[in-house]
Amino acid sequence: MSQLNDISLVAQVVVFKNTRAFDELVKKYQSPIRRFFLNLTCGDGELSDDLAQDTFVKAYTNIASFKNLSSFSTWLYRVAYNVFYDYIRSRKETTDLEAKEIDAAWSTEQENVGEKMDIYQSLKMLKEIERTCITLFYMEDVSIDKIAGIIGCPAGTVKSHLSRGKDKLATYLKQNGYDGN
(Lines give C-alpha, C1' and ligand atoms only; values in the text may rest on other atoms or scores of the structure.)
Protein backbone atom coordinates (compact mmCIF):
# COMPACT_ATOMS: atom_id res chain seq x y z
CA MET A 1 0.00 0.00 0.00
CA SER A 2 2.81 2.39 0.88
CA GLN A 3 4.51 1.87 -2.49
CA LEU A 4 1.21 2.53 -4.29
CA ASN A 5 0.73 5.72 -2.28
CA ASP A 6 4.29 6.85 -3.16
CA ILE A 7 3.64 6.26 -6.85
CA SER A 8 0.39 8.21 -6.64
CA LEU A 9 2.18 11.12 -4.96
CA VAL A 10 4.99 11.05 -7.54
CA ALA A 11 2.42 11.06 -10.36
CA GLN A 12 0.72 14.11 -8.83
CA VAL A 13 4.04 15.93 -8.64
CA VAL A 14 5.05 15.05 -12.21
CA VAL A 15 1.69 15.58 -13.92
CA PHE A 16 0.13 18.39 -11.90
CA LYS A 17 3.24 19.98 -10.33
CA ASN A 18 1.49 19.38 -6.99
CA THR A 19 3.94 20.63 -4.37
CA ARG A 20 1.69 19.39 -1.55
CA ALA A 21 2.13 15.84 -2.85
CA PHE A 22 5.89 16.32 -2.76
CA ASP A 23 5.58 17.72 0.77
CA GLU A 24 3.95 14.42 1.76
CA LEU A 25 6.92 12.50 0.33
CA VAL A 26 9.32 14.78 2.21
CA LYS A 27 7.43 14.27 5.48
CA LYS A 28 7.50 10.52 4.99
CA TYR A 29 11.20 10.23 4.11
CA GLN A 30 12.94 13.18 5.76
CA SER A 31 13.75 11.34 9.00
CA PRO A 32 15.14 8.19 7.33
CA ILE A 33 17.20 10.23 4.84
CA ARG A 34 18.54 12.50 7.58
CA ARG A 35 19.38 9.47 9.75
CA PHE A 36 21.14 7.90 6.74
CA PHE A 37 23.30 11.02 6.39
CA LEU A 38 23.82 11.31 10.15
CA ASN A 39 25.40 7.86 10.11
CA LEU A 40 27.41 8.49 6.94
CA THR A 41 28.77 11.77 8.34
CA CYS A 42 29.50 10.16 11.72
CA GLY A 43 27.12 12.38 13.66
CA ASP A 44 27.49 15.76 11.94
CA GLY A 45 23.94 17.09 12.31
CA GLU A 46 24.38 20.31 10.33
CA LEU A 47 25.99 18.53 7.41
CA SER A 48 23.31 15.83 7.53
CA ASP A 49 20.58 18.47 7.35
CA ASP A 50 22.31 20.18 4.42
CA LEU A 51 22.77 16.92 2.52
CA ALA A 52 19.16 15.90 3.19
CA GLN A 53 17.95 19.25 1.89
CA ASP A 54 20.10 18.86 -1.23
CA THR A 55 18.66 15.38 -1.70
CA PHE A 56 15.07 16.60 -1.66
CA VAL A 57 15.87 19.50 -3.97
CA LYS A 58 17.48 17.10 -6.45
CA ALA A 59 14.63 14.62 -6.04
CA TYR A 60 12.08 17.34 -6.78
CA THR A 61 13.91 18.68 -9.83
CA ASN A 62 14.50 15.17 -11.20
CA ILE A 63 11.32 13.42 -10.11
CA ALA A 64 10.21 12.97 -13.73
CA SER A 65 13.18 10.60 -14.15
CA PHE A 66 11.63 8.17 -11.63
CA LYS A 67 10.55 5.27 -13.87
CA ASN A 68 9.07 2.97 -11.18
CA LEU A 69 11.69 0.30 -11.93
CA SER A 70 12.31 0.14 -8.17
CA SER A 71 10.44 1.50 -5.18
CA PHE A 72 10.43 5.26 -4.69
CA SER A 73 12.41 4.83 -1.46
CA THR A 74 15.17 2.98 -3.34
CA TRP A 75 15.25 5.74 -5.95
CA LEU A 76 15.37 8.41 -3.22
CA TYR A 77 18.20 6.64 -1.38
CA ARG A 78 20.06 6.48 -4.71
CA VAL A 79 19.67 10.25 -5.03
CA ALA A 80 20.89 10.64 -1.42
CA TYR A 81 23.83 8.33 -2.11
CA ASN A 82 24.80 10.43 -5.13
CA VAL A 83 24.49 13.66 -3.12
CA PHE A 84 26.79 12.22 -0.44
CA TYR A 85 29.41 11.08 -2.94
CA ASP A 86 29.28 14.42 -4.77
CA TYR A 87 30.01 16.02 -1.38
CA ILE A 88 32.88 13.58 -0.69
CA ARG A 89 34.40 14.21 -4.13
CA SER A 90 34.18 17.99 -3.71
CA ARG A 91 35.66 17.77 -0.22
CA LYS A 92 38.61 15.65 -1.40
CA GLU A 93 39.41 18.29 -3.99
CA THR A 94 39.54 21.05 -1.37
CA THR A 95 40.84 19.21 1.70
CA ASP A 96 44.26 20.32 2.80
CA LEU A 97 46.54 19.39 5.68
CA GLU A 98 44.98 21.90 8.09
CA ALA A 99 41.49 20.44 7.61
CA LYS A 100 42.84 16.97 8.33
CA GLU A 101 44.51 18.27 11.50
CA ILE A 102 41.24 19.89 12.64
CA ASP A 103 39.33 16.65 11.96
CA ALA A 104 41.91 14.67 13.94
CA ALA A 105 41.73 17.09 16.89
CA TRP A 106 37.91 17.01 16.87
CA SER A 107 37.99 13.23 16.69
CA THR A 108 40.35 12.98 19.69
CA GLU A 109 38.22 15.36 21.78
CA GLN A 110 35.07 13.36 21.06
CA GLU A 111 36.32 9.86 21.92
CA ASN A 112 34.91 9.64 25.47
CA VAL A 113 31.58 11.42 24.99
CA GLY A 114 29.48 8.25 25.07
CA GLU A 115 28.33 5.20 23.22
CA LYS A 116 26.73 7.12 20.36
CA MET A 117 29.98 8.92 19.67
CA ASP A 118 31.84 5.60 19.92
CA ILE A 119 29.61 4.27 17.16
CA TYR A 120 30.29 7.34 15.02
CA GLN A 121 34.01 6.99 15.70
CA SER A 122 33.87 3.34 14.67
CA LEU A 123 32.00 4.27 11.49
CA LYS A 124 34.85 6.65 10.63
CA MET A 125 37.17 3.62 10.47
CA LEU A 126 35.22 2.23 7.52
CA LYS A 127 35.64 3.02 3.86
CA GLU A 128 32.77 5.19 2.56
CA ILE A 129 31.25 2.27 0.63
CA GLU A 130 31.38 -0.01 3.70
CA ARG A 131 29.82 2.72 5.84
CA THR A 132 27.05 3.18 3.28
CA CYS A 133 26.27 -0.55 3.18
CA ILE A 134 26.39 -0.89 6.99
CA THR A 135 24.18 2.16 7.43
CA LEU A 136 21.58 1.06 4.91
CA PHE A 137 21.47 -2.58 6.04
CA TYR A 138 21.73 -2.35 9.82
CA MET A 139 20.40 1.11 10.56
CA GLU A 140 17.84 1.67 7.80
CA ASP A 141 16.78 -1.99 7.36
CA VAL A 142 17.24 -1.91 3.58
CA SER A 143 17.56 -5.29 1.85
CA ILE A 144 20.79 -6.37 0.18
CA ASP A 145 19.13 -6.32 -3.24
CA LYS A 146 17.91 -2.76 -2.71
CA ILE A 147 21.34 -1.67 -1.47
CA ALA A 148 22.82 -3.18 -4.64
CA GLY A 149 20.42 -1.01 -6.65
CA ILE A 150 21.22 2.08 -4.62
CA ILE A 151 25.01 1.83 -4.89
CA GLY A 152 25.05 0.20 -8.32
CA CYS A 153 26.94 -3.02 -7.64
CA PRO A 154 26.08 -6.75 -7.43
CA ALA A 155 24.47 -8.18 -4.28
CA GLY A 156 27.58 -10.30 -3.64
CA THR A 157 29.71 -7.16 -3.50
CA VAL A 158 27.27 -5.61 -1.01
CA LYS A 159 27.59 -8.75 1.14
CA SER A 160 31.39 -8.44 0.99
CA HIS A 161 31.26 -4.77 2.04
CA LEU A 162 28.89 -5.69 4.89
CA SER A 163 31.12 -8.49 6.08
CA ARG A 164 34.32 -6.41 5.98
CA GLY A 165 32.60 -3.44 7.58
CA LYS A 166 31.08 -5.57 10.34
CA ASP A 167 34.48 -7.15 11.08
CA LYS A 168 36.17 -3.73 11.25
CA LEU A 169 33.43 -2.37 13.53
CA ALA A 170 33.67 -5.40 15.83
CA THR A 171 37.46 -5.09 16.05
CA TYR A 172 37.33 -1.35 16.75
CA LEU A 173 34.61 -1.65 19.39
CA LYS A 174 36.37 -4.57 21.12
CA GLN A 175 39.60 -2.54 21.23
CA ASN A 176 37.64 0.28 22.86
CA GLY A 177 36.09 -1.67 25.69
CA TYR A 178 32.97 -3.18 24.15
CA ASP A 179 33.05 -6.93 24.63
CA GLY A 180 29.76 -7.81 22.92
CA ASN A 181 27.76 -8.45 26.13
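The values are calculated or read from the model by the stated rules, or taken from the named source; none is laboratory data. Please read all numbers here as calculations on a predicted model, not as lab measurements. Glycine also receives a Cβ, built like all others from the backbone with ideal geometry; neighbour counts cover every protein chain displayed.
Of all residues in the range 39-58 being of a type in the set (Val, Ile, Thr) and under 12 Å from the mean Cα position of the chain (by Cα), which is surrounded by the fewest Cβ atoms within 10 Å (Cβ to Cβ)? First the steps, then the outcome.
To start, the set of residues in the range 39-58 that are of a type in the set (Val, Ile, Thr) comprises 41, 55, 57.
From what is left, the residues that are under 12 Å from the mean Cα position of the chain (by Cα) are 41, 55.
Details: Thr41: 20, Thr55: 25.
This residue is Thr41.
Does Ser2 count as among the small types (Gly, Ala, Ser) and over 20 Å from the mean Cα position of the chain (by Cα)? Walk me through how you get there before you give the answer.
Working: among the small types (Gly, Ala, Ser): yes; over 20 Å from the mean Cα position of the chain (by Cα): yes.
Judged against the criteria, Ser2 is a match.
When you go through (1) closer than 25 Å to Gln12 by Cα; (2) under 10 Å from the mean Cα position of the chain (by Cα); (3) surrounded by fewer than 16 Cβ atoms within 10 Å (Cβ to Cβ) one by one for Leu69, which number turns out not to apply?
The number of the failed condition is (2).
In this structure, does Leu4 turn out to be within 16 Å of Thr132 (Cα to Cα), part of a helix (DSSP H, G or I) and of a type outside the set (Ser, Thr, Tyr)?
Details: within 16 Å of Thr132 (Cα to Cα): no; part of a helix (DSSP H, G or I): yes; of a type outside the set (Ser, Thr, Tyr): yes.
The answer is no for Leu4.
Being out of contact with any strand residue (DSSP E or B) (no Cβ under 9 Å at 6 or more places or on another chain), closer than 24 Å to Asp141 by Cα and at pLDDT 95 or above, is that true of even one residue in the range 15-23?
Filtering the range 15-23 down to residues out of contact with any strand residue (DSSP E or B) (no Cβ under 9 Å at 6 or more places or on another chain) leaves 15-23.
This time we only want the ones that are closer than 24 Å to Asp141 by Cα, so: 22-23.
Checking which are at pLDDT 95 or above leaves us with 22-23.
Within the range 15-23, one or more residues are out of contact with any strand residue (DSSP E or B) (no Cβ under 9 Å at 6 or more places or on another chain), closer than 24 Å to Asp141 by Cα and at pLDDT 95 or above.
Please go through the range 38-89 and pick out each residue that is touching a residue at least 60 places away in the same chain (Cβ under 8 Å) and small (Gly, Ala, Ser).
As a first pass, look at the range 38-89 and keep what is touching a residue at least 60 places away in the same chain (Cβ under 8 Å): 39-40, 42-43, 68, 70-74, 77-78, 81.
Of everything in the range 38-89, those that are touching a residue at least 60 places away in the same chain (Cβ under 8 Å) and small (Gly, Ala, Ser) turn out to be Gly43, Ser70, Ser71, Ser73.
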